[in-house]
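Participant: Would you mind keeping the following structure in view while I ask a few things?
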Amino acid sequence: CPLDYEYIIQPASPDSAIMLLDSVCPGGGGNQPIQLIADQPGDYEWSTGSQQSQIMVNDTGTYVLYIYMTDSICPRTLQWTVTPDTCYAPPEMFFYVPNSFTPNGDGVNDVFGPEFSDPQLIREFSMLIFDRWGEVVYESTDIYGRWTGNFRKGDYFVHDGAYVWVIEYHQDSVADKVKKTGHVVMLR
């Protein structure tokens, strides 16, 4: 059975890189999926397994649709090839959060906070620290802000023990925010 139609879907401006926020890129990751539509009568079978007349794709590649019609031996075969130009992949971001600190003034492990692989790539940041009753004891939107064990940035210091932290950040050129939680033990 012959291939009936082949469609090539390319970016609107092939001279510039496609940002992950703007379009479909190899491996997915774009937030603007492409809709592939067929409007002929018959039973549909996509290479993705869908049996609908249209699908949304968020990855590059080849998508084949077989349309089975009652008056034809061969299915009608339509093929879409989604081929964007080069896509921008942001650098991999990782961070380390210690599981304990000792704010006793000896100059070793006196403060608590995350260490990012490249803090210049962070455009939004927040860190909250809660006590065991769920009360916020520290909060900061400064990526370089560090907790010294004080209560709400005042002169009162919290008791030794375990505290829960919530860190949320938004990296440049990445659609979704990242939210991580954990705990830290403070010992004076």
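Participant: Between residue 177 and residue 135, what is the label-point separation in nm under the 7 Å Cα-to-beta-carbon projection?
Facilitator: Those two pseudo-labels are separated by 2.5 nm.
Participant: Continuing with this model, one more query. Using only Cα atoms, what Kirkwood radius does region 95-169 have, in angstroms?
Facilitator: One over the average 1/r among Cα pairs gives 13.0 Å for region 95-169.
Participant: Please compute one quarter of the surface area of the Cα convex hull for region 37-137 and express it in square nanometres.
Facilitator: The number I arrive at for region 37-137 is 13.0 nm².
Participant: Largest first, what is the accessible-area ranking of 1, 74 with a 1.4 Å probe?
Facilitator: 1, 74
Participant: Turning to a different aspect of this structure: If the chain between residue 108 and residue 166 were fully stretched, how many nm would it gain, using 0.36 nm times the residue separation less the Cα-Cα distance?
Facilitator: Residue separation times 0.36 nm, minus the Cα-Cα distance, leaves 18.5 nm.
Participant: Can I ask one more? How about region 111-159: which trypsin sites (Lys or Arg not before Pro) there are in a DSSP loop, with at most 15 other Cβ atoms within 10 Å of their Cβ?
Facilitator: 132, 146, 152, 153
Participant: Just to be sure I understand the curve: with the Debye formula and one point per C-alpha of region 132-188, what is log10 I(q)/I(0) at q = 0.16, 0.20, 0.31 Å⁻¹?
Facilitator: -0.58, -0.83, -1.48
Participant: Per residue, how much accessible area does region 33-85 have with a 1.4 Å probe, in Å²?
Facilitator: 57
The values are calculated or read from the model by the stated rules, or taken from the named source; none is laboratory data. Keep in mind that what you see is a predicted model, and the values were worked out from it rather than measured. Please note: Cβ atoms are built from the backbone with ideal geometry, for glycine as well, and neighbour counts cover all protein chains shown. These area figures cover heavy atoms from the full protein model, side chains too; ligands, DNA and RNA do not enter into them. Shrake-Rupley method; radii C 1.70, N 1.55, O 1.52, S 1.80 Å.
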